[in-house]
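What follows is a short report on a single structure.
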Amino acid sequence: MKENTKVQQVYDWVVDKIERKIYLPNHKVPSIRSLASKLSCSTFTISQGYDRLVSMGYLTASSGSGYFVCEREKINENIDISSALIKNVLDTGWLMSHLFDELPDDKTSGSGLLPNDWLIDEDTIRNAIRKATKSADEFIYSYGHIQGYPLLRELFIKKLDDIGIKTTKDFVITMPGVSSAIQTVLKCITNEGDYVVVDDPSWFWLLGCLHQLGLKVLSIPRNKDGADLIKLEEILTQYRPKIYITNSVLNNPTSFNVSPSMIYKTLNLLNSYDCYLLEDDVYGELANNQRILRYATLDGLDRVFYITGVSKVLGANWRVGFLCPPKQFLEPILRQKMLSNMTSTELTERSVYHIWLHSEYHKHIEKMKLKLIRKREMIISLLQKLGFDYSEENACGIFIWLDTKCDTQKMATEARKEGYLLAPGYLFSANLHFSTYLRLNITRTTEEFIYWLYQYRLKQKS
């Protein structure tokens, strides 16, 4: 085992045994010492792997007895008095365990990232990094600004202005990625046991994160133009949740946008019940129309926490996120950032700054959008030709939310044997809905895979 993947390989090894029914529900798995000997690694590595399996819901630990396989069929019994409330989100371990596999881009339609050859060229990146490192001796030995590199925040303000969001650099905080920004907000405004609202369907990582923080998840149907307001008001009245987390632009996984009228109605409703909104706009730069209204545009950052980042258009390792909180939360957010991360990585932020300044960056984004439109048209045309139902209401994002009419959890397991990584629909629902849906990343979806999907469906019908 390679040093930096040992824990992940232990995790994958045990998950594989569980999925192939070698380790059965309620049965004890090998002890830490026994498995360490079997896999020729340290007991510490096995312990870390088992801890991750517990957090993802594959195993349960019994003091003095060891680790046992969870009874996964009983997860539905955790649903509480409201059909929208679930105490323990179904684990996202299946997809999470394979996200870091070194699979070819054209085999990973379940990924949320653009393929490497869609990203900005290496010369532009190298040039930006060289410029950032020229003055490294001025900042590399200190913590840097707690809110992030000032010039990058100033440049970000101009980007916000382009999409109609008005604020100043004093109310922009850089974070080590969107996921870190979301967790920072949640830690500032919620306590364990509090209720939060998410869309149904919603980003699988978010569901796992909320569960890990001990929060109670309430979900509302996400329609083509926004949230189901009747259901939202029922939840607000009965449970008084602290925050509603959503995408206004290119929702993950549906690629739906929110209409201006729904933004207005939703904000009024949240204000009536003193509920905040976290707007995750991580895919926003891929939107064809940059003037699409965001919640933060209309709200003016009074009740909305606006979050975005660069990893979707620059690459997964560019862990730079941006958080614009309501003014009264600026100090608590900064305090939480300091306690979690001290500051951000200024070398990376300076590199992003120089990438954004480069003339090729804006040209590349526009070319990427055109490429996305063409690829989407090709995939949709082929799906329709082969008899798959597809909703034209999806905006032109990187995802297609496809009802395959088959059990996609089973499909994902079979596809993995063929070398494909899929994102089955149940992972995106706190209530385990969408069992026949598949989130397809069109930039990583090939004709070969579509025909595999077609043949798989034919076999299931026969």
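The values are calculated or read from the model by the stated rules, or taken from the named source; none is laboratory data. This one's a predicted model, so the numbers in the text were calculated from it and none came from an experiment. In this analysis, Cβ positions are derived from the backbone assuming ideal geometry, glycine residues included, and neighbour counts consider all displayed protein chains. Heavy atoms of the whole protein, side chains included, go into the accessibility calculation; ligands, DNA and RNA do not. Shrake-Rupley method; radii C 1.70, N 1.55, O 1.52, S 1.80 Å.
Brief remarks follow.
- The criterion of being at pLDDT 70 or above and part of a loop (DSSP other than H, G, I, E, B) does not hold for G49.
- Test for S180: is it touching a Phe, Trp or Tyr at 6+ places or on another chain (Cβ under 7 Å), open to solvent by less than 70 Å² (accessible area, probe 1.4 Å) and in contact (Cβ under 8 Å) with a residue 60 or more places away in the chain: no
- Residue satisfying condition, being modelled with pLDDT under 95, under 30 Å from I146 (Cα atoms), among the aliphatic types (A, V, I, L, M) and open to solvent by less than 20 Å² (accessible area, probe 1.4 Å), within set L210, L250: L210
- Across segment 429-462, the qualifying residues are those that are in a loop (DSSP other than H, G, I, E, B) and in contact (Cβ under 8 Å) with a residue 40 or more places away in the chain, and the one among them that is most open to solvent (accessible area, probe 1.4 Å) is H433.
- Among the candidates L330, L301, residue that is open to solvent by less than 20 Å² (accessible area, probe 1.4 Å) and closer than 28 Å to Y195 by Cβ: L301
- Any pair with Cβ under 9 angstrom, 6 or more apart, that starts in segment 116-137 at a residue that is open to solvent by 100 Å² or more (accessible area, probe 1.4 Å) and ends at one that is not polar (S, T, N, Q): N116/D105; N116/G315; D117/D105; D123/E360; R130/H354
- First in segment 26-46 and in a helix (DSSP H, G or I), second anywhere and open to solvent by 100 Å² or more (accessible area, probe 1.4 Å), Cβ under 7 Å, 6 or more apart: T43/R33
- The combined condition, being in a strand (DSSP E or B), modelled with pLDDT of 90 or more and open to solvent by 10 Å² or more (accessible area, probe 1.4 Å), is not fulfilled by W356.
- Considering (1) open to solvent by 60 Å² or more (accessible area, probe 1.4 Å); (2) in contact with a helix residue (DSSP H, G or I) (Cβ under 6 Å, 6 or more places away or on another chain); (3) at pLDDT 60 or above; (4) not hydroxyl-bearing (S, T, Y), the lone condition that D106 does not fulfil carries the number (2).
- Looking only at segment 33-46, and only at residues there that are closer than 14 Å to G66 by Cβ and surrounded by fewer than 18 Cβ atoms within 10 Å (Cβ to Cβ), the one that is modelled with the lowest pLDDT: T43
- Checked against the criterion of being hydrophobic (A, V, I, L, M, F, W, C) and more than 24 Å from L286 (Cα to Cα), the candidates A430, A423 yield just one match: A430.
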